[in-house]
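Working notes, structure below.
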Amino acid sequence: MSLVNIKIEGRPYQVEEGLTILEAARQCGYEIPSLCSFNHGECNPGSCRVCLVEATGARGLAASCVYQVAEGMEVLINSPKAVAARRTSVELLLSNHNVNCQQCGKSGQCELQNVARIVGAREGMFKGEKTPTTYDDVSPSIVRDTSKCILCGRCVERCKNAHGNGVLGFQNRGFDAKVGPAMDISFADSPCILCGQCVTVCPTGALLPKSEIDKVDFARAQGKYMVVQTAPAVRAALGEEFGLPIGTPVTGKMAAALRRLGFNRVYDVDFGADLTIMEEANELLDRVKNNGVLPMITSCSPGWVSYAETYYADLLPHISSCKSPHQMQGAIIKSYFAEIHGLDPKDIFVVSIMPCTAKKSEKDRPQMEVDGIRDVDAVLTVRELGDLIKRSGMQFNRLPEEGFDYDIMGTATGAGVIFGVTGGVMEAALRTAYRVLEGKEHDAVVFNAVRGFDGIREATIAMGVLDVKVAVASGMANAKVLLDQIREGTSPYHFIEIMGCPGGCINGGGMPIVRHCFLPNEDVDIIDTYRAKRARALYTEDERNTLRQSHNNPQIIELYDKFLEKPNSHKAHELLHTTYAGREPFRVQDR
Ligand code: SF4
Ligand code: SF4
Ligand code: SF4
Ligand code: FES
């Protein structure tokens, strides 16, 4: 690594050659206002001109997100010329923007709003015609409003990097340019898997999760019996909405907040995750013993399921028939729980708090109901829960530590907690599959080979006479490699875990926004490290749990004894399993 000597604001620094001025300045303790630039070029850099600085060799002003440092370069961030240029750039952007910040779902976390305040942008400096816009709120998961788009291209690159054949692109030229699905169709009609990765990188309110807060308010006003359940990844990130460092687990405060928001029962989806493992591990062993379709692939991620239904319909028999944990738990709440508490399932309203935008769509699938009773009624993202708590006036950081409700499904194992990170479902399944096959616990609880963030990980676990070969992938670009092997008949695996979002749910589309500009006290490499910090929070909770295998959860054992009979029983199939169907990538639906 060679170093170059530069000066910023007249002070000498040594920085790595090849860095952009923006990156180098960040390492030296300066945050240059920026907008289109993101995560090592995962964007269309140089398009917004918000990051202009004076730099020697740049013939005046340079876009610091693309211009690289050079030996002897002198950079001025705070000169009158640089300050005025940045302000003009932001004012030009605002001149073609629907500036209704008060009603905008991104207000307070909007990078355009943030830079407008920093550069002191003035209202109405450039007036004229605005680009014709598209507003798409048809899908259950994502709202697209191009009147807020700054054409940074972050969403285009993120979708392409995560999923290979990206859904989004630039359309038209010049003044009429737009970003969206091909032919400007709705997300709902496109091959989009509604994972929300594009939403997490969008700097403005152009892409937002579709809010279901009104639906929850309405159910409460109707006097419904309100049950809430939170996914494993939520506890690892909710604190970020309240200024806590990334990776701070907030399980106790989250339970306390939910109770104070008026929910009659507060449950952890980790119980549903344990239930999923019982069903899935037994399904796997049944397939192995009875020459069933292998490799079996996990089904917890609706983004992945949607991708399979769109692009790999021929491989649908490989996907486990298990519903995802929150859907399973919703079905148990509307049956077993309702029966025990003498409640009419129609009067129960189940809300899932999820790290995921695709779960909003999953809960609406026609298959996710039993006898006309929906498993889950509303899905809120972590950010929506943060908004609800803020709206209530609670000071989150001063809440006491409380537990989940204990009755019926209040116990969860460490295996359920690690579902939130890529490799977690596999690790949890291996802990139980070994026990089912061998009749004893595996010596190891932790299976390091399936942990980490490499695109594809694999392991071989000896189980009796069988060497079980497994693989883990997250993001569809990685999954595609494993899926093509199956198609070609060369897959060596028995069991594959696939998650839609790169890194799993801890990086889901409904998680808190991670940005340098909003986290000035975090390390400069935070965009690279936040997933590992959130994952550590979950692995630590697993380590602290005295129960670490789903089959040792006493309430799961009781549920089978008293209600479901045994894993994969007729009743279990009725409530906890589902079906899939191929779909066209592009389709026009009646609406
Ligand atoms: S995207 Fe940002 S600047 Fe635009 S209306 Fe929303 S909050 Fe305001
Ligand atoms: S939701 Fe996911 S699949 Fe759809 S456009 Fe965004 S990143 Fe791509
Ligand atoms: S939708 Fe958002 S991320 Fe995509 S180009 Fe527009 S502003 Fe950028
Ligand atoms: S942030 Fe550099 S040009 Fe947009």
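Does Glu54 count as open to solvent by less than 40 Å² (accessible area, probe 1.4 Å) and either closer than 19 Å to Ile526 by Cβ or part of a strand (DSSP E or B) (or both)? Please lay out each step first, then the result.
Working: open to solvent by less than 40 Å² (accessible area, probe 1.4 Å): no; either closer than 19 Å to Ile526 by Cβ or part of a strand (DSSP E or B) (or both): yes.
Taking the combined requirement at face value, the residue does not satisfy it.
Restricting attention to the range 181-202, which residues are on the phi > 0 side of the Ramachandran plot, within 13 Å of ligand 3 (Cβ to nearest atom) and not acidic (Asp, Glu)?
Matches in the range 181-202: Gly196 only.
What's the number of the only condition in (1) farther than 25 Å from Cys501 by Cα; (2) outside any helix (DSSP H, G or I); (3) open to solvent by 40 Å² or more (accessible area, probe 1.4 Å) that Arg435 fails to meet?
(2)
If I ask for residues that are among the aliphatic types (A, V, I, L, M), under 21 Å from the mean Cα position of the chain (by Cα) and within 13 Å of Ala206 (Cβ to Cβ), which ones from the range 153-182 would you list?
Val156, Leu168
Going by the structure shown, is Ser186 within 16 Å of ligand 1 (Cβ to nearest atom), under 24 Å from the mean Cα position of the chain (by Cα) and either open to solvent by 10 Å² or more (accessible area, probe 1.4 Å) or in the same structural domain as Arg536 (by TED's automatic domain parsing) (or both)?
no
Of all residues in the range 557-582, which are more than 21 Å from Thr413 (Cα to Cα) and either small (Gly, Ala, Ser) or surrounded by 13 or more Cβ atoms within 10 Å (Cβ to Cβ) (or both)?
Passing the criteria: Ser569, Lys571, His573, Glu574, Leu575, His577, Thr578, Tyr580, Ala581, Gly582.
For the range 255-275, indicate whether the set of residues that are crowded, with 18+ Cβ neighbours inside 10 Å and either polar (S, T, N, Q) or without any contact (Cβ under 8 Å) to a residue 24 or more places away in the chain (or both) is non-empty.
Within the range 255-275, none of the residues are crowded, with 18+ Cβ neighbours inside 10 Å and either polar (S, T, N, Q) or without any contact (Cβ under 8 Å) to a residue 24 or more places away in the chain (or both).
Restricting attention to the range 438-474, which residues are of a type in the set (Val, Ile, Thr), assigned to a strand (DSSP E or B) and open to solvent by 60 Å² or more (accessible area, probe 1.4 Å)?
Just the residues of the range 438-474 that are of a type in the set (Val, Ile, Thr), to begin with: 445-446, 450, 456, 460-461, 465, 468, 470, 472.
Restricting the remaining residues to those that are assigned to a strand (DSSP E or B) gives 456, 460-461, 468, 470, 472.
Answer for the range 438-474, where residues must be of a type in the set (Val, Ile, Thr), assigned to a strand (DSSP E or B) and open to solvent by 60 Å² or more (accessible area, probe 1.4 Å): Ile456, Thr460.
Which members of the range 170-183 meet the condition of being more than 16 Å from ligand 4 (Cβ to nearest atom) and open to solvent by less than 20 Å² (accessible area, probe 1.4 Å)?
Step one: of the range 170-183, the residues more than 16 Å from ligand 4 (Cβ to nearest atom) are 171-176, 178, 180-183.
Passing the criteria: Gly180, Pro181.
Restricting attention to helices (runs of 4 or more DSSP H) lying wholly within the range 139-246, give those where 2 or more residues are away from ligand 2 (no atom under 16 Å from the Cβ), in contact with a strand residue (DSSP E or B) (Cβ under 7 Å, 6 or more places away or on another chain) and charged (D, E, K, R).
Here the list reads 213-221.
What are the pairs, 6+ residues apart or on separate chains, where a residue within the range 2-28 that is more than 9 Å from Val69 (Cβ to Cβ) and not assigned by TED's automatic domain parsing to the domain that holds Asp528 has its Cβ under 8 Å from a residue that is of a type in the set (Phe, Trp, Tyr) and assigned to a loop (DSSP other than H, G, I, E, B)?
Qualifying pairs under 8 Å: Ile8/Tyr30; Glu9/Tyr30.
On the phi > 0 side of the Ramachandran plot, open to solvent by 30 Å² or more (accessible area, probe 1.4 Å) and more than 16 Å from ligand 2 (Cβ to nearest atom) - does that describe any residue in the range 97-113?
Yes; the residues of the range 97-113 include at least one that is on the phi > 0 side of the Ramachandran plot, open to solvent by 30 Å² or more (accessible area, probe 1.4 Å) and more than 16 Å from ligand 2 (Cβ to nearest atom).
Of everything in the range 58-69 that's more than 14 Å from ligand 4 (Cβ to nearest atom) and either at pLDDT 95 or above or open to solvent by 70 Å² or more (accessible area, probe 1.4 Å) (or both), which residue is farthest from Cys152 (Cα to Cα)? Before you say what the answer is, go through the steps one by one.
The initial filter retains those residues of the range 58-69 that are more than 14 Å from ligand 4 (Cβ to nearest atom), namely 59-60, 69.
From what is left, the residues that are either at pLDDT 95 or above or open to solvent by 70 Å² or more (accessible area, probe 1.4 Å) (or both) are 59, 69.
Values: Arg59: 25, Val69: 23 Å.
Of everything passing the filter in the range 58-69, Arg59 is farthest from Cys152 (Cα to Cα).
Name the residues in the range 85-116 that are more than 16 Å from ligand 4 (Cβ to nearest atom) and either of a type in the set (S, T, N, Q) or part of a helix (DSSP H, G or I) (or both), would you?
Those that are more than 16 Å from ligand 4 (Cβ to nearest atom) and either of a type in the set (S, T, N, Q) or part of a helix (DSSP H, G or I) (or both): Ser95, Asn98, Asn100, Cys101, Gln102, Gln103, Ser107, Gln109.
Condition (residue is in the same structural domain as Glu280 (by TED's automatic domain parsing), part of a helix (DSSP H, G or I) and more than 22 Å from Cys195 (Cα to Cα)) applied to the range 509-516: is it met by at least one residue? Full working, then the answer.
Residues of the range 509-516 in the same structural domain as Glu280 (by TED's automatic domain parsing): 509-516.
Then drop every residue that is not part of a helix (DSSP H, G or I), which leaves 516.
Narrowing further to those that are more than 22 Å from Cys195 (Cα to Cα): 516.
So far as the range 509-516 goes, yes, one or more of its residues are in the same structural domain as Glu280 (by TED's automatic domain parsing), part of a helix (DSSP H, G or I) and more than 22 Å from Cys195 (Cα to Cα).
Determine, yes or no, whether Pro502 is more than 16 Å from ligand 2 (Cβ to nearest atom), in a loop (DSSP other than H, G, I, E, B), in contact with a strand residue (DSSP E or B) (Cβ under 9 Å, 6 or more places away or on another chain) and assigned by TED's automatic domain parsing to the domain that holds Ala308.
Taking the combined requirement at face value, the residue does not satisfy it.
Looking at the range 122-144, which of its residues are crowded, with 21+ Cβ neighbours inside 10 Å and within 13 Å of ligand 1 (Cβ to nearest atom)?
Hit for the range 122-144 is Arg144, nothing else.
Are any of the residues in the range 233-250 open to solvent by 40 Å² or more (accessible area, probe 1.4 Å) and within 16 Å of ligand 1 (Cβ to nearest atom)?
For the range 233-250, residues open to solvent by 40 Å² or more (accessible area, probe 1.4 Å) and within 16 Å of ligand 1 (Cβ to nearest atom): absent.
Return the pairs, sorted by first residue and then second, in which the second residue is open to solvent by 20 Å² or more (accessible area, probe 1.4 Å) and among the hydrophobic types (A, V, I, L, M, F, W, C), the first residue lies in the range 31-47 and is in contact (Cβ under 8 Å) with a residue 12 or more places away in the chain and under 13 Å from Asp528 (Cα atoms), the beta carbons are less than 6 Å apart, and the residues are 6+ apart or on different chains.
Every condition considered, the pairs that remain are Asn39/Ile527.
In the range 352-368, is there at least one residue being open to solvent by 30 Å² or more (accessible area, probe 1.4 Å), without any contact (Cβ under 8 Å) to a residue 60 or more places away in the chain, within 29 Å of Arg583 (Cα to Cα) and assigned to a strand (DSSP E or B)?
Checked against the condition, which is being open to solvent by 30 Å² or more (accessible area, probe 1.4 Å), without any contact (Cβ under 8 Å) to a residue 60 or more places away in the chain, within 29 Å of Arg583 (Cα to Cα) and assigned to a strand (DSSP E or B), the range 352-368 yields no hits at all.
What are the pairs, 6+ residues apart or on separate chains, where a residue within the range 89-109 that is under 9 Å from Gly205 (Cβ atoms) and within 8 Å of ligand 1 (Cβ to nearest atom) has its Cβ under 6 Å from a residue that is open to solvent by 30 Å² or more (accessible area, probe 1.4 Å) and among the hydroxyl-bearing types (Ser, Thr, Tyr)?
That search, which allows pairs on different chains as well, returns Cys101/Ser107.
The values are calculated or read from the model by the stated rules, or taken from the named source; none is laboratory data. Treat the numbers as computed from the prediction; the structure is a model and nothing was measured. A quick note on method: Cβ atoms are made from the backbone with ideal geometry, for glycine too, and the neighbour counts reach across all protein chains shown. Each accessible area value is taken on the protein alone, full model and side chains, heavy atoms only, with ligands, DNA and RNA left out. Shrake-Rupley method; radii C 1.70, N 1.55, O 1.52, S 1.80 Å.
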